[in-house]
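J.: Would you mind keeping the following structure in view while I ask a few things?
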Amino acid sequence: DMELLPAGSSFKNGINGLLNGVIDLLFYHNGKYYIADYKTNRLESYSKSSVWKVMADCGYILQAYLYTVAFYRLMQHRKEDFSYQNDFGGILYLFPKGMDQYGHGIWYHTPTEECIREILKLTGNGAE
């Protein structure tokens with residue numbers, strides 16, 4: 001999943017600063033849980049490439065992964081038979097100002113479970 005990071009980005013030197021965020025919506029659809037986050041950014045274009053660029057430039061990809069880690073940990077404690085592969089459908093970032101029937105204004109991704117477990121290890125939370 002590291003290919004999702006902007007060119008030249010790396011976590012090798014750590015991440016500095018304060019992170020603050022709230023998952024806007026956690027919903028259940030067709031047997032799977034999804035995370036949704038709404039963004040009010042005004043973009044020149046809401047094409048897939050423009051949305052990918054803002055996701056990378058604004059740190060939303062990191063935020064998406066951290067939200068997924070939080071969801072993963074929550075479900076490990078709340079659902080005895082939780083299976084990431086079977087129970088998690090992915091994460092959506094929705095830019096309502098540019099959403100249309102063609103999929104513009106929407107970023108969707110499902111991080112690999114391996115990546116989520118690696119982040120858990122890096123944050124000292126381990127993967128249960």
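Every number in this text was worked out from the coordinates using simple rules, so none of it is lab data. Small disclaimer: the values here were computed from a predicted structure and weren't measured. Positions of Cβ are backbone-derived with ideal geometry, glycine not excepted, and every protein chain shown enters the neighbour counts.
J.: So if we plug the beta-carbon distance of residue 97 and residue 28 into 1/(1 + (r/R0)^6) with R0 = 22 Å, what FRET efficiency do we get, rounded to 0.05?
T.: E between residue 97 and residue 28, to the nearest 0.05, is 0.25.
J.: Cross-link candidates for residue 121: which lysines have Cα within less than 22 Å, leaving aside residues fewer than 8 places away along the same chain?
T.: 12, 79
J.: Further question: Need the full-extension length gain, residue 80 to residue 123, defined as separation in residues times 0.36 nm minus the C-alpha distance. One decimal, nm.
T.: Difference between extended and current length: 13.2 nm.
J.: If R0 is 22 Å, what FRET efficiency do you get for residue 40 and residue 19 from their C-beta distance, rounded to 0.05?
T.: Efficiency computed from Cβ-Cβ geometry: 0.70.
J.: Viscosity 0.692 mPa s, temperature 37 °C: what is the translational diffusion coefficient of the range 19-128 from Stokes-Einstein with a Kirkwood Rh over Cα pairs, rounded to a whole number of µm²/s?
T.: The Stokes-Einstein estimate is 223 µm²/s.
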